[in-house]
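For reference, the structure is listed below as structure tokens.
The values are calculated or read from the model by the stated rules, or taken from the named source; none is laboratory data. Predicted model only: the values in this text are computed from it and were never measured. So basically every Cβ, Gly included, is an ideal-geometry build from the backbone, and we count neighbours across all protein chains shown. Protein only, heavy atoms only, side chains kept; ligands, DNA and RNA dropped before computing areas. Shrake-Rupley method; radii C 1.70, N 1.55, O 1.52, S 1.80 Å.
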Amino acid sequence: EQATKLHTATHLLHAALRKVLGSHVQQRGSNITQERLRFDFSHDKKLTDEELKKVENLVNEQIKNGLLVKREEMSPDQAKKSGALGFFEYKYGEKISVYSVGDFSKEICTGPHVKNTKEIGRFKIIKEEAVASGIRRIKAVIENG
């Protein structure tokens, strides 16, 4: 249950990072456990305290808004045309799952998700660091979740 909440929170985090930092931000990896999420993304410099706060606040705003999480099956071409984020250089099957979190996030994904963002709880960034040249990492948790 906690991992499911964190999985949906990861989609919100990715979208929030792109809104705050720019569309150059792309997921480069993630690891989700029962305790926390770890999200690696492309960005060439350390986030300021202000940027981190903006990202965290944006994610919590979407949680509070109670956005519906919707799964659709479509072809990779349809997903790309619909604006879903994904790594299209990889080979997908004929049908893939695309998850939309309200109008805030749309990504190709195979993981479990909550039905409504209100189920998640309070999102808290606990660490931001460099992991490689041009790659940053955020670790976050859900409080009261």
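So, of the residues in the stretch 107-145 that are assigned to a loop (DSSP other than H, G, I, E, B), in contact with a helix residue (DSSP H, G or I) (Cβ under 6 Å, 6 or more places away or on another chain) and open to solvent by less than 60 Å² (accessible area, probe 1.4 Å), which turns out to be nearest to residue 53 (Cα to Cα)?
That would be 120.
Does residue 53 satisfy the criteria of being of a type outside the set (A, V, I, L, M), without any contact (Cβ under 8 Å) to a residue 12 or more places away in the chain and open to solvent by 40 Å² or more (accessible area, probe 1.4 Å)?
Spelling it out, residue 53 is indeed of a type outside the set (A, V, I, L, M), without any contact (Cβ under 8 Å) to a residue 12 or more places away in the chain and open to solvent by 40 Å² or more (accessible area, probe 1.4 Å).
Which residue pairs have Cβ atoms closer than 6 Å, lie 6 or more positions apart in sequence or on different chains, and pair a first residue in the stretch 7-30 that is farther than 19 Å from residue 124 by Cα with a second residue that is modelled with pLDDT of 95 or more and surrounded by 24 or more Cβ atoms within 10 Å (Cβ to Cβ)?
From residues that are farther than 19 Å from residue 124 by Cα, the pairs are 25/17.
Residue-by-condition table, conditions (1) closer than 15 Å to residue 136 by Cα; (2) open to solvent by 30 Å² or more (accessible area, probe 1.4 Å):
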position: 3; (1), (2): no, no
position: 22; (1), (2): yes, no
position: 46; (1), (2): yes, yes
position: 57; (1), (2): no, yes
position: 70; (1), (2): no, yes
position: 79; (1), (2): no, no
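I'm checking my understanding of the structure. Among residues of the stretch 81-94 that are open to solvent by 100 Å² or more (accessible area, probe 1.4 Å) and assigned to a loop (DSSP other than H, G, I, E, B), which one is modelled with the lowest pLDDT?
89
Residue by residue through the stretch 1-29, note down the ones that are outside any helix (DSSP H, G or I) and more than 22 Å from residue 130 (Cβ to Cβ).
Matches in the stretch 1-29: 1 only.
Which number in (1) open to solvent by 30 Å² or more (accessible area, probe 1.4 Å); (2) closer than 15 Å to residue 7 by Cα; (3) modelled with pLDDT under 95; (4) not in a loop (DSSP other than H, G, I, E, B) marks the one condition that residue 97 misses?
The number of the failed condition is (1).
Surrounded by fewer than 17 Cβ atoms within 10 Å (Cβ to Cβ) and either in a strand (DSSP E or B) or at pLDDT below 95 (or both) - does that describe any residue in the stretch 60-68?
The answer is yes, given that some residue of the stretch 60-68 is surrounded by fewer than 17 Cβ atoms within 10 Å (Cβ to Cβ) and either in a strand (DSSP E or B) or at pLDDT below 95 (or both).
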